[in-house]
Structures are given as C-alpha cells and as structure tokens.
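*Asks:* Here it is, the structure, as structure tokens.
No lab work stands behind these numbers, since they all come straight from the coordinates. Bear in mind the structure is a predicted one, so any value in this text is a computation, not a measurement. Methodologically, a virtual Cβ is constructed for each residue, glycine included, from the backbone with ideal geometry; neighbour enumeration extends over all protein chains shown.
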2 protein chains.
Amino acid sequence: MHVATVDPPPPRLADPAADANATEEYYEKLVSPDIVNGISNVVDYLDARHGIRIKDLESMPQRTLDTIWWPFVQHGTVKGSEDVSIIDSAYGDFFSVARPRQNDTPTSSLVFPELDSSASWWTQTLGHANPTLTMAAARASGRYGHVMFPQASHLPALRLAERLIQKGPGKGWASRAFFSDNGSTGMEVAIKMALRAFSLRNNVDEKEKKKLGILGLKGSYHGDTIGAMDACEETVYTCEWHEAKGYWFEPPTVDFVNGKVVINVPASASGKAHTSVAKSLSWVYDVEDRLHTPLARAYAQYVRRALDKIEATGQKIGALIIEPLILGAGGMVFVDPLFQRVLVDVVRGRRSGKSKEWSGMPVIFDEVFVGLNRIGIESAGPILGVNPDISVNAKVLTGGLIPLSVTLASKSIFNAFLSDKKSEALLHGHSYTAHPIGCEVANETLKQIDKLAQSEDWMEAKRKWTVAQGQEGEEQSKVWSLWDPHFVSEVSKLPQVKRSMSLGTVLAIEFEDSAAGKLSPVRVFALD
Amino acid sequence: MHVATVDPPPPRLADPAADANATEEYYEKLVSPDIVNGISNVVDYLDARHGIRIKDLESMPQRTLDTIWWPFVQHGTVKGSEDVSIIDSAYGDFFSVARPRQNDTPTSSLVFPELDSSASWWTQTLGHANPTLTMAAARASGRYGHVMFPQASHLPALRLAERLIQKGPGKGWASRAFFSDNGSTGMEVAIKMALRAFSLRNNVDEKEKKKLGILGLKGSYHGDTIGAMDACEETVYTCEWHEAKGYWFEPPTVDFVNGKVVINVPASASGKAHTSVAKSLSWVYDVEDRLHTPLARAYAQYVRRALDKIEATGQKIGALIIEPLILGAGGMVFVDPLFQRVLVDVVRGRRSGKSKEWSGMPVIFDEVFVGLNRIGIESAGPILGVNPDISVNAKVLTGGLIPLSVTLASKSIFNAFLSDKKSEALLHGHSYTAHPIGCEVANETLKQIDKLAQSEDWMEAKRKWTVAQGQEGEEQSKVWSLWDPHFVSEVSKLPQVKRSMSLGTVLAIEFEDSAAGKLSPVRVFALD
C-alpha cells in the first residue's frame, strides 16, 4: 500500500453546492480510486480469511471425528461433536477452546479460555507457547535443521549431555547420555542397557535372556512400546504381544488423611495392613533418619523373602526399575521413599558378582514424570540417598514443546557394550536422534528452570513448608510444594476427601465417592 | 551506540607542530573517549565470543567422547577425536564441519562443507535448515506450543490427517490417522492394530496371542523398539528380549547388472536360483502386466507352500508386514514388486473369515523409508496395485526437522477397537502425541513436495527415464529417478561394480570387492 500526498483542503466558498462539490473533489483527491480498491481488496481478503477460520472452527469437531484416531480414547464412547475440544491456540496455563455459539449474536466470541489442568499430560513447564522456547526452536532450526548423530556432535546435544551429567540428574554417577524420542523409547534403551550388563556378568544363556525379569512396583508405567510394556504388570495393557516379565511389589504409600501425614503399609509388606501417623512430611522424606526403624527392617524382610521365592523358581531378574517417589500414570500414588531405598539396598546387597561398580542388578530410575523439578527436585537420588545405574528423563526436558528423551548411564553400564564388534554395540537409534531443535529447547528449558529455582516464589513456598512442619529455625524441609501446605492438609479433612498429597507442582486429591476408589488427581500446569 | 555530530576539519596552519596538535584535537573531537570505550567493549565482546566459539570447536571432539553414547556406534572401535564429526551448522545438502587447523595460519578456516550423503539417515527432504520449515515450526510453537491430544483437535493435526487420508498415501483405503513419535513407534502401533483385528476375528486365545507371528521378508527392518524388532528376523539385533516372531521370505530382487535390468530369483522362490533379463525397468514395475507370467505363478506357489507349512505347525500368523519396493536399512535391496503383489494376493486369498473388509490377515506397509516421494511416488500402493490395511509414514513426513510419525488404518481396523469399554481401546499414546510443531512442519513439507512434483526438474527426469526405456511417445515410465538413467545403467558396467539401481532420490551401487558382498549404497540428499 502507498500513502497519497495531497494538498491542504480548499478554502470554503459561499455557494453551498460549489462547497459540496469542492468537498467531494477534496476527498477524491485525498483517497484515489486506486487506494479505495487497495483497501477493499485487503478488507475482502481479511473477511475471506475470517470466514475460512470460522468455517474451520465450526467444521473441525466433525472432521476430527471422521479422520483422527486418538491415543488412549475409546471412540465407541465418544458421543459426538460435543465431546471434541477444538484447541484454537494456547498460551500460559490456558488453552483457547472453540465452542459453538450460544445464541445468534454475531459478536459473541467463539473461543474461550480453558485451564490445561493436566499440563498436557505433564509436559508443560513454562506455559504454552513460551517465547524463549519458540526462539530456541527457531534458532536451532535455522542453524542445523536436523543433522545425523552417529559419530557426530553438535553444540545443543553436547551441552545438554554435559548439563544432565555434570550438574543435573546424572551428577555424581552418570557417565553417558543416550538420546531418543520419548519416555517410552528412553525406557526401552534403559532396559536394553540393563539386561545386557546383567547378562554379560551373569553368563545368562540365550533362552534365559528372553525371559529375564524386571523387579518393580505394582502400578508402574513406563510407556506404550511393547518392551516398556513388558516391564509392567499384565493388567495395565491389552496388547496381544504384551507379556509381563518380572515381579512387582505392592508399594507402601504416603498421604495426608484427616490433616495428618500417614504411611499406609500393605499387608504383603509387613504381615498385616496398617497405617501409621508420621511426625511430619519432612520426616517421611528424611530417608537416612528412618533407615534403622523397625519399618525399614520389615521392608527389607519383605523384599528379601520375595527375592528368595523368585530365585527358588529359577527365574532370573535382570533389572530393578522404579518410578521414584510417585507412580504417575498409575494414579499419582506417592510411594513411601523408605521402601524404595530399602528395595535398592537389598537388591544391591545380593550376589554382587565381580564388579565393584554395580551389584545385584542394574537399577533404573524412570524419572520421566518426576524428574527435572516437576516435584521440586531435579532427581529423586538425593532424597532416596541412592543413585541409579541408569535413568530416563523426558516430558519436562523440552519444556512442553516437542518430543525428546535422554537415557543416562554409568560408566560400568557403558563399558558392557564396549568391544571391537559392531554387533555388540547398543543397536538402537531413531532417525531424528538428538535432533538439535529438541536439544536447544531442552537447554533453554533447564536454564529457565534454574532461574525459577532461585525465584522468590520458590523460596517462599519452601519457607512455608518448613514453617508448616514446625521446623522454623531448623533445617529446611526435605520436600515442598508450590501448593499451600495449609490447603493440602485442610483439604484432606473434608468429608468427601479420602486423602490428599502434594510435592512440587503436583497435587493429588482422592475423593471418597470416586468410582472404584480411584484417585482423582488434580494436577497443576506450570512450575511457576 | 550513538553517532557523534562533529564540526568540519580545522583549516591547515603553517606551523607543523600546531598542525599536529590540531589534527589530534580534531580526531579527539571526532571520536570521543565514550565512543572509543563503547567500540572497544563491543570488540572485546565479539572477541570473547569468538574465542569461546573456537574453544568450543576445538574441545568438542574430546567432550563428545567423554559424555555422548551414540546410536548404532561401537564406541570400542572409535579411535579418538579424529573419528568425531563436529557439525557446526548445516544448510541445503551440506554440513559445515569443523576440522583441526592444518597449520598455524590464524586466518585458515576451521569449518568445511561436507555432503550429507545419507540425507541424515534419509530424513532430509528440502535441505537442511529450510527457511519455510523453520517458519512453520516457529508459527506452531508460537500459537500452541504443545497441546494434549486425546479428545482434542487442532488445525495442524487435522489438516495433516486429512491430507494423508484424502490425497496422500491413504487415498482410497485409509479412514483414520494415529499419531506417534517415530517410525518405530508408528510400527508398534501398526502391529497392535493388526494383531487385535486378527485376534478378534479368529478368536485367538490368550496364550496364542503372545506368540502370534508376522509374515515378512528377510532383511526387513521396522525400528528399534522391542515390538518393532520382534517383527524382524533374529539376526538383525542383539537385544536380550528380542524374540523374532514370524516367518520371512527370501525376496527376489531387481537391479541393473552390466547395463541390463535383471530380476534375481532365489532358489527358495522357484526351485533354483536364476536371473532373468527384463524388457525394461518400467516393465518390471508394470505389475498388472506381469500377473499372468509363469514367474507370478511360481511366486504364488512359493508363498502358498510356505503358509501351508507354517499352518501345519499350528503357528498362527497375525499380519503381513512389508517395506514396499525397497528394504532400506536392510541394505537398499530393491524387491521385485511382482513378488510383493503376489504375496499380498495369496495372503488375502486365504480363509477370509466373516468380514469383507480385510481377508486372511491385515496387511501393513512400512513406508517409513520409501514413502512421500523418497522414491518418486507418494506410496507404493499404485505400483503394486494393492492397498494395505495399515501403513506407516515418518522420516520425510517432517521434511528432516523433528520426529513425527503417522499410522494410517482402514475403517475395518479402526472398528476392531470400538466398544463401550475403555480397556478395549488402542491403549497407546506418547506425551507429545500429534505435537502441533511436527504437524505444521509436515503440512508445509507436503506442500513443498507437491510443488517439487510439478517442477520442470521432475518432469525432465521423468521424460528422461521414459525415453531411456524406449517408451518415447508411449505412456510415461512407471518408475523414474532424479539420477540420470544413462549413468545408473552405465555404472553397472564398470568392472568394480556388481550392480546398481535407482528409484526417485535413491541410488544404490554394490561394489564387487566390498566386504562380504554387502551393498555399499550411495544415497542422495534432497528431493530437488
């Protein structure tokens, strides 16, 4: 478009007709037909685009029902268009969702804000459409696109590996970072690593290898590819090829019940089911302090007996896999950390083989859900007082933008694949392994989380949880949440509420009348 | 920074000393100390950044060797820094790779262009760092970030599903698009779909389900997650849990040998191994025309006998999986399309059960490598003359930028999961399922490929291949390549070359003296 240069308006005349003519002439001069055409072209274009947009918003529910096969949805129970959320955009903690017009007022809005209460399957970290992450994605896209990774390196991947190993969840134990595309593939890689290391040290024969079991907790979930599924109980999935390989313990849990912090111990773990009231939440998570309690001894006996029984059947177990502190997809179950610590200790205390580096069997931490400050800590290692041999991070890793996963491994695990034979390498890789966009976005995400961790909001939340547990003036609470401690405790006193619990950004509330006693977790969106 | 406004230079004086003073004064006036400081700050900053960049480039090989675990690499055979490619950036068909300085000349460059000869594991489509794809990624990132997908919809995902089903590889048969993160997860989804449909129709019991076999070709590859691995032969992988489930046929192949197009039939397929010279490459791919040849009958007998034998053992086969036309990772093996057509026909001709919609067993096309014009056609369906019940696309789908996969399914397959029970749904989903950035980039990629398909370069290449096969004036060649037909044919006459072959952007040349007779494929980077 161009701007017309015009003369000043003509002097007014006495004759009204001449006056009107002059005015018309003036305006014709001011806005030439070219400009009028130009403007109306733009208006027509915008109008047409708007029409298409409205048409799209209105037709999308049915078109979606005609072409899309959703994940984890029983389409047979979807009634119709009213069951489809049309997400027009998203920003911060909210979707902008299109809804049919309530009345014929043409000015009424078609889009409404809606809280993303599960943080889009717990991926969101800094809010939807975070500008710094968009810039990071564009930066890496413009500099690299994607570049192949075997025997290659690029700064985004290298920096991410170093950050995770040297300062992140791998600090103090991890030696290598292996990239893949999501939590499920990251866990398949972890399983491949653990089973190889175990098989080599224990001379497992070809037939036994295929049947090697996993030790874990009931209610665990590690992803939907078949290898990750096979590390979970049979009941979770329905896929034809799924074959649960292993043994799963019933986990003791931690909750607020009627305003008190309680530990629920199942019958299997110590003779008969019982609930004990804890001094404070901070005490529950002070694992070192609880290591010499009778409960710790009961847990150890429970684990030892189970392992003895498994061994007696001749079944070999090749790895221990735990989701530290919370079973996420399994229903926001907060596991007693003492139990997970004792489990690791007992497993490592058994036949240790030749190596000093890992003993018993490799331990895998699936930190896809809990990792990278989702629950206020980068990794559960410092809380449990033990580090894994292998760990997996995803979800928060890329701030809620694109898929990427990293499997960390100790030197000893890495060495199990070292030889002069290609066939003995870790034969796993996806086309977009360590894609620079994902790595750059991850680096930016971790940088932003580091800032949040120093923010007044976080400090204040930590102080509140320290005070709430009567630890004022003493050392800071081991655990904390962005939810108010008073609220988390008080809500558990409501008659409709069976129990509540919170760590970091996660809040779970189980209602008394919920169908089949299932946990109905309320989850929060953002870390800040 | 700010610009100083100065007076014109002073008039020259007779006294040289005064002259010098005046000059100095002049320049001091011109460039104030503030500006000098400002400039030197900028210079210092740029210098420091440059220093860090050089230091990074020089330290990256060792830092990579210290922290990264590469996919598909035997680290035991990596000698040292000289074996690490440091990719500083990439554009078009080339990486920009950092190499140590050859001499002490400080002006010599540290980065050098290097052809990405495998198109970064066959992902690249429009060249690295393509600006339109970067803009698409940034657009979706700014509008949505990622938004959760179950019972939701957004335009990038919906448009992609519609494009693939209505105009793309699903045209004429697919009804639904299921999103996942890469070719391997896309294949796991495909396997879950096929096995469920087969089991339901054939009342397969719980024990048989876990052992359901896959029918395929030797040398197939479908990804590295354990489910995808189990659909391949035992020899390909070394993972402890891998258990090859199925039966794999030795495939007849197509090649240029000594300038002639030949079909190599293995002994297993028709009594004894033989090679026959074909009229032309176009004729080889004119599958309908070859359906009534003796070779077609021999293939059918081969397949029927094998199926009879398998059935006699009581083993149930739940799906046929083929990589149409080319076994990619298996070594760029060009399979005789007639064999794949006959395989599908025979399988579908057997016990068809109650449904008219699929018969025998579901057929899966793994088009992760060949699909979306990598070999000059969107899908192999029209060449083979049959459509699958399920197909998988990835790699080219996102133009070589980020991971995304789509599994397409027919209405009949989709219906196998429909009920009123959640547990009977397809229980598969990754955190970033149908992430808007991937979908938007895919839509842009397919738009750009559509343009390329109409380009003079492609038309010219098609004309050349039509002429080269003596079909001038007749109908266009069924197949074509961006490589010159004369070159592909002539190179096969070289004494060092055993065979050559090309379709679309793919060129494979097998050398006579290559270790163990393995194919040494030369692969090209870009579609244009």
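*Asks:* So what are the ³J(HN,Hα) numbers for the stretch B:182-198, from phi and the Karplus equation (6.51, -1.76, 1.60; θ = phi - 60°), rounded to whole Hz, Gly and Pro as x?
*Replies:* So the Karplus estimates, Gly and Pro as x, are 7, x, 5, 5, x, 6, 4, 4, 4, 5, 4, 4, 5, 5, 5, 4, 5 Hz.
*Asks:* Right, here's the next one. Peptide B:386-394: average number of partner chain Cβ atoms within 10 Å per residue? Spell out each step's value before the answer.
*Replies:* Numbers: counts 0, 0, 0, 0, 0, 0, 0, 0, 3.
Per residue, the average neighbour count from other chains is 0.
*Asks:* Right, something else. Checking the cross-link filter: which aspartates and glutamates have an alpha carbon closer than 16 Å to that of A:Lys478, excluding same-chain neighbours under 8 positions apart?
*Replies:* A:Asp255, A:Asp286, A:Glu288, A:Asp289, A:Asp336, A:Glu378, A:Glu460
*Asks:* Taking the Cα centroid of the stretch A:176-212 and of the stretch A:18-78, what is the distance between the two, rounded to the nearest whole Å?
*Replies:* Between the Cα centre of the stretch A:176-212 and that of the stretch A:18-78, the gap is 56 Å.
*Asks:* Here's another thing I want to ask about it. In the stretch A:418-506, what GluC sites (Glu not before Pro) fall in a loop by DSSP, with at most 13 other Cβ atoms inside 10 Å?
*Replies:* A:Glu472, A:Glu474, A:Glu475
*Asks:* Using the Cα centre as the reference, give the magnitude of the dipole from point charges on the C-beta atoms of chain B (Lys, Arg: +1; Asp, Glu: -1; all else neutral), rounded to the nearest 20 debye.
*Replies:* 3140
*Asks:* In the stretch B:253-329, which trypsin sites (Lys or Arg not before Pro) fall in coil by DSSP and have 10 or fewer other Cβ atoms within 10 Å?
*Replies:* Answer by residue number: B:Lys272.
*Asks:* Now for a separate question. Treat the count of other C-beta atoms within 10 Å as a stand-in for reagent exposure and order A:Arg374, B:Arg101 from fewest to most.
*Replies:* Values: A:Arg374 27, B:Arg101 12.
Going from least to most buried by this count: B:Arg101, A:Arg374.
*Asks:* On to the next question. When every alpha-carbon pair in the protein assembly as shown is counted, what percent end up more than 60 Å apart?
*Replies:* Counting every Cα pair in the protein assembly as shown, those more than 60 Å apart make up 17 percent.
*Asks:* Sum up the charges of everything whose Cβ sits under 9 Å from the Cβ of A:Thr225, counting Lys and Arg as +1 and Asp and Glu as -1, but leave A:Thr225 out.
*Replies:* -3
*Asks:* Follow-up. Using the 7 Å Cα-to-Cβ label point, sort the distances from B:Leu494 to its equivalents in the other copies shortest first and give them in nm to one decimal.
*Replies:* Computed spacing set for this position: 7.5 nm.
*Asks:* While we're looking at this one, here's another question. So what's the gap between the Cα centers of the stretch B:446-494 and the stretch B:312-374, to the nearest angstrom?
*Replies:* One Cα centre to the other: 27 Å.
*Asks:* Shortest first, in nm, what separates the label point of A:Val36 from those of the same position in the other copies (7 Å along Cα→Cβ)?
*Replies:* Label-point separations across copies, in nm and ascending: 6.5.
*Asks:* If you take each beta carbon of peptide A:84-92 and count the beta carbons of other chains within 10 angstrom, what is the mean?
*Replies:* 6
*Asks:* Where Rh is the Kirkwood radius over the Cα pairs of the stretch B:344-403, the temperature 25 °C and the viscosity 0.890 mPa s, what D in µm²/s does Stokes-Einstein return?
*Replies:* In µm²/s, the coefficient rounds to 191.
*Asks:* Follow-up. Quick one: order A:Ile86, A:Ile437, A:Ile383 by neighbouring beta-carbon count within 10 Å, fewest to most.
*Replies:* Numbers: A:Ile86 26, A:Ile437 32, A:Ile383 20.
Ordered by Cβ neighbours within 10 Å, fewest first: A:Ile383, A:Ile86, A:Ile437.
*Asks:* Could you point to the residue in A:Gln454, A:Gly470, A:Phe487 farthest towards the positive end of the stretch A:454-499's charge dipole, with +1 and -1 charges on the Cβ of Lys/Arg and Asp/Glu respectively?
*Replies:* A:Phe487
*Asks:* Once you have all Cα-Cα distances for the stretch A:59-128, histogram them in 10 Å bins from zero and send the whole-percent values.
*Replies:* All Cα pairs considered, the percentages come to 18, 40, 35, 7.
*Asks:* To two decimal places, what compactness ratio does the stretch B:249-381 give when its Cα radius of gyration is scaled by 2.2 N^0.38 Å?
*Replies:* Its radius of gyration relative to the 2.2 N^0.38 Å reference: 1.08.
*Asks:* Let me ask something additional. When the Kirkwood hydrodynamic radius is evaluated over all pairs of different C-alpha atoms of the stretch A:71-222, what value in angstrom, to one decimal, is obtained?
*Replies:* 20.8
*Asks:* Work out the P(r) tail for the stretch A:231-323: percent of alpha carbon pairs separated by more than 16 Å, whole number.
*Replies:* 66
*Asks:* Step through the residues of the stretch A:59-75 one at a time and calculate ³J(HN,Hα) from phi using the Karplus curve (6.51 cos²θ - 1.76 cosθ + 1.60, θ = phi - 60°), rounding each to whole Hz and writing x for Gly and Pro.
*Replies:* Values per residue, Gly and Pro as x: 8, 4, x, 5, 4, 5, 5, 8, 10, 8, 10, 6, x, 6, 10, 8, 4 Hz.
*Asks:* Calculate for chain B the 222 nm mean residue ellipticity that helices alone would give, adding -39,500 (n - 2.57) per DSSP H run of length 4 or more and normalising by residue count, nearest 500 deg cm²/dmol.
*Replies:* Helix-only estimate at 222 nm: -11500 deg cm²/dmol.
*Asks:* Which of the pairs B:Lys279/B:Lys316; A:Lys167/A:Lys309; A:Lys447/B:Lys167; A:Lys245/A:Lys395; A:Lys422/B:Lys207 have their Cα atoms more than 32 Å apart in this structure? Walk me through the numbers on the way to the answer.
*Replies:* Working: B:Lys279/B:Lys316 39 Å; A:Lys167/A:Lys309 40 Å; A:Lys447/B:Lys167 43 Å; A:Lys245/A:Lys395 26 Å; A:Lys422/B:Lys207 36 Å.
Over 32 Å apart, Cα to Cα: B:Lys279/B:Lys316; A:Lys167/A:Lys309; A:Lys447/B:Lys167; A:Lys422/B:Lys207.
*Asks:* Between copies, how far does the label point of B:Lys167 sit from its twins, in nm, shortest first, when each point is 7 Å from Cα along Cα→Cβ?
*Replies:* Nearest first, the other copies' label points are 4.7 nm away.
*Asks:* Which Cα, out of B:Phe369, B:His428, B:Leu397, lies furthest along the positive dipole direction of the stretch B:336-441 (beta carbon charges, K/R +1, D/E -1)?
*Replies:* The one lying farthest along the dipole's positive direction is B:His428.
*Asks:* Using a 10 Å cut-off around each Cβ, can you sort B:Ser410, B:Ser455, B:Ser118, B:Ser141 from fewest to most neighbouring Cβ atoms?
*Replies:* Ordered from fewest to most neighbouring Cβ atoms within 10 Å, B:Ser410, B:Ser455, B:Ser118, B:Ser141 come out as B:Ser455, B:Ser118, B:Ser410, B:Ser141.
*Asks:* Here is a follow-up. Under 13 Å Cα-Cα from B:Lys29, which aspartates and glutamates qualify once same-chain neighbours fewer than 8 residues away are excluded?
*Replies:* By straight Cα distance, B:Lys29 reaches B:Asp7.
*Asks:* With Cβ to Cβ distances under 15 Å as the rule, what net charge do the other residues near B:Ser59 carry (K, R +1; D, E -1)? It would help to have the intermediate numbers written out before the result.
*Replies:* On the way: positive: A:Arg159, B:Arg53, B:Lys55, B:Arg63, B:Arg99, B:Arg101; negative: A:Glu162, B:Asp56, B:Glu58, B:Asp66, B:Glu82, B:Asp88.
Once all neighbours under 15 Å are counted, the net charge is 0.
*Asks:* Can you tell me what percent of all Cα-Cα pairs in the stretch A:395-493 are more than 23 Å apart?
*Replies:* 56
*Asks:* Still on this model: If we sort B:29-35, B:92-98 on the protection proxy, mean other Cβ atoms within 10 Å, highest first, what's the order? Each step should come with its number before you reach the end.
*Replies:* Values: B:29-35: 12.0, B:92-98: 19.4.
Result, highest mean Cβ count within 10 Å first: B:92-98, B:29-35.
*Asks:* Here is a follow-up. Computed over the Cα atoms of chain A, what is the ratio Rg over Rh, Rh following Kirkwood? Before the final figure, lay out each step's value.
*Replies:* On the way: Rg = 29.4 Å, Rh = 26.5 Å.
Value, to two decimals: 1.11.
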